[in-house]
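The values are calculated or read from the model by the stated rules, or taken from the named source; none is laboratory data. Note that this is a predicted model, so its numbers are computed, not measured. FYI the Cβ positions are ideal-geometry reconstructions off the backbone, even for glycines, and counts take in every protein chain you see. We work out accessible area using only protein heavy atoms, side chains counted, and drop any ligands, DNA or RNA first. Shrake-Rupley method; radii C 1.70, N 1.55, O 1.52, S 1.80 Å.
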Amino acid sequence: MSDEEVPESGSPDSGAISESHADGMEKSAASKTEEDRKGGKRKYLDTSSKWVSLVAAISALILSLYNFVGLHSSPDVSVTMPNMIRLLSLANQAVIIAQPVISVSNETENTETVTGLVLHLRREGSTAPQGQVDFLWYADGHWQSDVATQKSFWVEDEDAGAFLLAKDKPWTKIMSFRADGWSFLPGRYDATLTVNRATTSVPLEVRWCLLLTSGGADQINVQHAYFPIRKDWPGSSGPKDQQSCYRGEPTGASRGTSLGAAAQSGAPTAAGSSRPGATGAAAGPGPPGSRWCPRGGVTVVWHGSRRRSAGCRPGGRHREPSRCGWRVHRVTATDTDPRPRACPLGTWETAFALPHPRLRPGVIGYRGLRLAFDRPRRRLEAPVGAATLLLAFEDHPITLTRLGRQRPPVTLVSVLSGLSTGPMLAVHGGRLCGVEVNFAPWMAFTLLGLDQHELAGGPVDPFALPGDRIRALTDALAEAPDWEARFELLDSTLQRWARRGPSPAPQTVRAWAELTRTAGTVPVPRLADEVGWSVRKLENCFREQIGQRPKAAARVLRIQRARRLLVSGERASVVAASCGFYDQAHLCGEFKAMTGCTVRTFMAERARDHGGPPMVDRLPGEVTSLVLAG
């Protein structure tokens, strides 16, 4: 047997080799199992990590999408009404001043365009059309205080227009809303502020209410000053649906006033002022130095050199005894007291009334007058944005002279005048009796059927117009028993004339309304674009139906507003900027050219006591006339 001979299977050596091989196999299998276990764990961890990463990525994506959608979603616009708003009735117009906060409440990068706002009022219990009205947003501005006179004045900054809303840019400007041919009456009003937006056809509406007492309504309509009403009065009582309404004074207050009472202690006596002792030309139609009583109702009458009524009567004014009696007249209803008032010059009486709602806003108002003085009376009439028809019942002539033009004076008994750009001097012998009617120029075109440009050159005799209907109306008015009957006769007659007369172009009416809304500051090309006409066509229609071209009509409206602001105490530099003049020199030049005197002279004559009845302007709330000495 050789040296390398393999042992037999049954030998001891062969068994040892087998055991060693088995041990190696077992160790190899165990090692492989451990590696498989570790590999499975690593695979599990890897898989879990991938899933976690995937879930995190999906979550981040969802969050990003959510934020993206949120930041690019449509803005959620909200409106918060202020605690106080102000009301005003002026020149056949009702005005509401408010400062609503319009904001975006959600987180978004998008902006919203507000295209317009409308404030709708509906008087509770009224089903007639005149019981509800839409106030249109026409300007925003600010309140300016005068330390010297302790008064506040409303100053318009810019016309109404679309504006942008963003999350960090809410709208907080003070806004003024206007309604033509409407006045405030006592009662409860349901109000809705509608916000129109560019991104949706569904408007945003905010509903609220206001309560107006008879005293408050009288102060608004007679005093022609901004009247503040609030909704945050402490201790208000009454029905739950009325406790959060705007009101002039809380019901159940310490003085025992209620909704039906006429008490209004916070009545403003100058524009924006709530001090009972404040006075001024803006405080109403009473004479300088008068004071508004803290309640509304009837009128205190001063007669001769003694007081006929003691104390401060509801709704009246009181002052130190003067040489001549005077009265404060309502403009929301007819004042038909026929009793004459006495003064050193003689006797006088006046009555005012608004026309029937169907005639508004074309017919501005009626004024009845009867003067019996022992000396001549001279008045300077400044140009205003209206046509005037004076129908005299007695043959007392009036001499009319156009100032600044080389034209002879004309002598008339009844007078018809249109929209003019120059002043007029009127002189009569001290006796006058008749009814004065003021129209918007386009309504005069309809009622009289007359090209209004024929009236621009100067006053004419209305009896010289074709037909005899004006003479027949004058005779019927003279035979009427009282002022109330005369005003009712005017309502029925003018409604009949309006139905039969030529209709003005809707574009002309709209353009005139825009001119009056902006007080003549809107550019003529823009005005033509808004009504869809060319500038030439607008000028031709204005000349026929208004009496002046748009540029000349705008001059009249600008200087009309400037007179009102100047008499209210505003500085000339501020008035020039507010009314669209280049500077103060431009204002003074236009004032003298269109009013016939300087600003200083005009203000001095307005403040002078001429010994007769108080100054009565042709248009309520406007400054139109001067009574001259001699």
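Descriptive notes on the structure:
- Computed as a quarter of the hull surface, the mean projected area of the alpha carbon convex hull for segment 443-561 stands at 8.5 nm².
- Three-way shape call for segment 375-496 based on the alpha-carbon gyration tensor, with the a/c threshold at 1.5: oblate
- Ellipsoid semi-axes in whole angstrom, largest first, where each is sqrt(5λ) of the Cα gyration tensor of segment 533-630: 28, 17, 11
- Largest-first ordering by accessible area, 1.4 Å probe, given options Lys551, Lys167: Lys551, Lys167
- Label-point gap, in nm, between Arg375 and Thr200 - each point 7 angstrom along Cα→Cβ: 7.0 nm
- Size of segment 341-405: Rg and Dmax of its alpha carbons, in Å, are 14.8, 41.
- Coarse-grained scattering of segment 446-500 at q = 0.12, 0.20, 0.26, 0.28 Å⁻¹, given as base-10 log I(q)/I(0) from a Debye sum over alpha-carbon atoms: -0.33, -0.83, -1.11, -1.16
- Gln406/Ala607 FRET efficiency (R0 35 Å; Cβ-Cβ; nearest 0.05): 0.65
- Across all Cα atoms of segment 377-440, the radius of gyration (one decimal) and Dmax (whole number) stand at 11.5, 31 Å.
- Between Asn106 and Arg500, full extension at 0.36 nm per residue minus the direct alpha carbon distance yields a gain of 136.2 nm.
- Cα-centre dipole for segment 516-630 with unit charges at Cβ (Lys and Arg positive, Asp and Glu negative), debye to 20: 160 debye
- Full extension of the segment from Ser49 to Ala485, taken as 0.36 nm per residue of separation minus the current Cα-Cα distance, would add 147.2 nm.
- When segment 510-601 is described by a simple charge dipole with +1 on each Lys and Arg Cβ and -1 on each Asp and Glu Cβ, the residue from Trp533, Ala593, Gln548 located farthest towards its positive end is Ala593.
- A Stokes-Einstein calculation at 20 °C with viscosity 1.002 mPa s, built on the Kirkwood radius of segment 174-219 over Cα pairs, returns a diffusion coefficient of 165 µm²/s.
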